[in-house]
Amino acid sequence: MLVEDYADRVRTAAGLLTRLLADGGTRVDNPPDEPVAPGDDRPLELRPDAEIVRIGSDPALGVCVAAIDGGSACLVNGRSFWVVAYRAGTVWHRDRATFREERDELVLRTLSQTDAKAEYAHALAAAGVVRERELADLGGVVDVLRELAEWQRAGQAVAEAGPGDLVLVDGSLHPGPYMPAAVVRPVHELALARGVDLVGVTKASKLRWGRYAPLVLRVRRKAEAEVGPDERWLLRVTDDAEAAATGWRSEVYVARLARRGAYAFRVDAVRGQRGAEELFAVLAGLSDDPAFLGYPYPLARVHQVVSLPGHLLADLRRDLREALLREGLAEDDVDLVLRDFHLTLNA
């Protein structure tokens, strides 16, 4: 059997990607699922004076850092029903040591389409907010439930933290399309009132500079040209005028937090007492662990605490299968419920 020669198609794809990544301009898209400015989907224009700013590293001795993250998974996708699992947790860190870890019990939900709508409405009501829109992808309710658990923990951490402490969350500080602003805004306001720095770090940003080029990649190229390849730096994406227009005090940056770090990240900040360069120096001081170089260690640690690794999901599916058999469901029916035929085809 002859091997298909697709080298020309690979070269064509590579050429197209190269042109997309070279796309110029100053416009930053504002996608609804990772907004730069909540409630405003218009693209932003980078300020003419937006510059790459070098930052230092501060160990911030005595400062408490709380890091919040969550893990979720769909155990069974029956198209008309789902079995989902999620949990959230908080890690407390001070002087390069973790001194407290908290993790919710694993939540399991079996949801039909009707149940998913009801669960979404109930979760928002429990948070004391009104639903603003209906979920378009009901199978994605697990992500919203996990985010609600994360923001509840973020509010608790801000309330416990003292002036000058940091609260880190995984992802943007801005609510997505199905997370009402009324869930998130009070946490921002509480952080400001208590003098706590609230920071969100997005591991894989969807923001685009120009029409297609990934924002983080373009900013990193700009930084390497302007300040060199072995520097820590930040670039502020939003400005005070945009914050005033939207009523949000959160700021959006792209930053590289380690000199030898392979990655830069979108970083959102509601600054309590520190200036931007002072805050990012503290973040850099948290981002020098060799295993996660350039990423704040407390966020890496809490990810390990709450994640749902493959072996856990395999155990859950096995236990679910055995429980279904004990309930009297025929083995063939159990297999039909739990197996994804795509996996059989792709094996």
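The values are calculated or read from the model by the stated rules, or taken from the named source; none is laboratory data. This structure is a prediction, so every number in the text was calculated from the model and none was measured. Reconstructed Cβ throughout: ideal geometry from the backbone, glycine too, with neighbour counts over all protein chains shown. Note: accessible area is taken over every heavy atom of the protein model, side chains too, but ligands, DNA and RNA are not part of it. Shrake-Rupley method; radii C 1.70, N 1.55, O 1.52, S 1.80 Å.
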> Along the Cα-to-C-beta direction of D33, a point sits 7 Å from the Cα; which residues of the range 300-324 have their amide N less than 20 Å from that point?
Replying inline: 308
> What is the sum of charges around Y120, taking Lys and Arg as +1, Asp and Glu as -1, for the other residues whose C-beta is under 14 Å from the C-beta of Y120?
Replying inline: -2
>> Starting from the 7 Å offset along Cα-to-Cβ, what nm value, one decimal, do you get for the label separation of R42 and E4?
In response: 4.6 nm
> Just one of (1) 35, 28, 21; (2) 35, 21, 20; (3) 30, 23, 20 is semi-axes √(5λ) of the Cα gyration tensor in Å as worked out from the coordinates here. Which one is it?
Replying inline: (1)
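With +1 on each Lys and Arg Cβ and -1 on each Asp and Glu Cβ, how big is the dipole of the chain about its Cα centre, in debye rounded to the nearest 20? Numbers along the way, then the final one.
Numbers: 44 positive and 54 negative charges, 131 e Å.
Using Cβ point charges on Lys, Arg, Asp and Glu, the chain gives about 640 debye.
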>> With every protein chain kept in place and ligands, DNA and RNA left out, what is the accessible area per residue of the chain? Probe 1.4 Å, answer in Å².
In response: 51 Å²
> Label L293 and A225 with points 7 Å out from Cα along Cα→Cβ: what is the distance between them in nm?
Replying inline: 2.6 nm
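Charges only on Cβ, +1 for Lys and Arg, -1 for Asp and Glu: so what's the dipole of the range 1-145 about the Cα centre, in debye to the nearest 20? Walk me through the intermediate numbers first.
Working: 17 positive and 25 negative charges, 39 e Å.
Here the range 1-145 has a charge dipole of around 180 debye.
Expressed as cubic angstrom per residue, what is the convex hull volume of the alpha carbon set of the range 263-347? Before the final figure, lay out the partial values.
Numbers: hull volume 15.4 nm³, N = 85.
Normalising the Cα hull of the range 263-347 by residue number yields 182 Å³.
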> What accessible area, in Å² to the nearest ten, does a 1.4 Å probe give for E45?
Replying inline: 100 Å²
>> So, taking all protein chains as they sit and a 1.4 Å probe, how much accessible area belongs to E189, in Å² rounded to tens?
In response: 100 Å²
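Note the direction-averaged projected area, equal to a quarter of the hull surface, for the Cα convex hull of the range 45-92, in nm². Provide the component values of the computation, followed by the final result.
Values: hull surface 31.6 nm².
Reported value for the Cα convex hull: 7.9 nm².
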> Carbon and sulfur together cover what percent of the accessible area of the chain at a 1.4 Å probe radius?
Replying inline: 52 percent
>> What number results when the radius of gyration of the range 202-290, computed over Cα atoms, is divided by 2.2 N^0.38 Å?
In response: 1.10
> Does anything in the range 71-95 have its amide N under 14 Å from the 7 Å Cα→Cβ label point of L329, and if so which residues?
Replying inline: 75-84
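Just in the range 226-308: which chymotrypsin sites (Phe, Trp or Tyr not before Pro) are loop by DSSP and have at most 11 other Cβ atoms within 10 Å? Write down the numbers at each step before the final one.
On the way: sites: W233, W248, Y253, Y263, F265, F280, F292; in loops: W248, Y263.
For chymotrypsin sites (Phe, Trp or Tyr not before Pro) across the range 226-308 that sit outside H, G, I, E and B with at most 11 neighbouring Cβ atoms in 10 Å, the list is empty.
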>> Along the charge dipole of the chain, pointing to its positive end and built from +1/-1 on Cβ of Lys, Arg, Asp and Glu, which listed residue (A118, A314, S172) has its Cα farthest out?
In response: S172
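As a test of the formula, what do you get for the chain when each DSSP H run with n ≥ 4 contributes -39,500 (n - 2.57) and the sum is divided by the residue count, at 222 nm and rounded to the nearest 500 deg cm²/dmol? Don't jump to the answer; show the numbers that get you there.
Numbers: 11 runs with 133 residues, N = 347.
After summing the helix terms and dividing by the residues of the chain, the value is -12000 deg cm²/dmol.
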> How high is the FRET efficiency between N346 and E134 when r is their beta carbon distance and R₀ equals 35 Å, given to the nearest 0.05?
Replying inline: 0.60
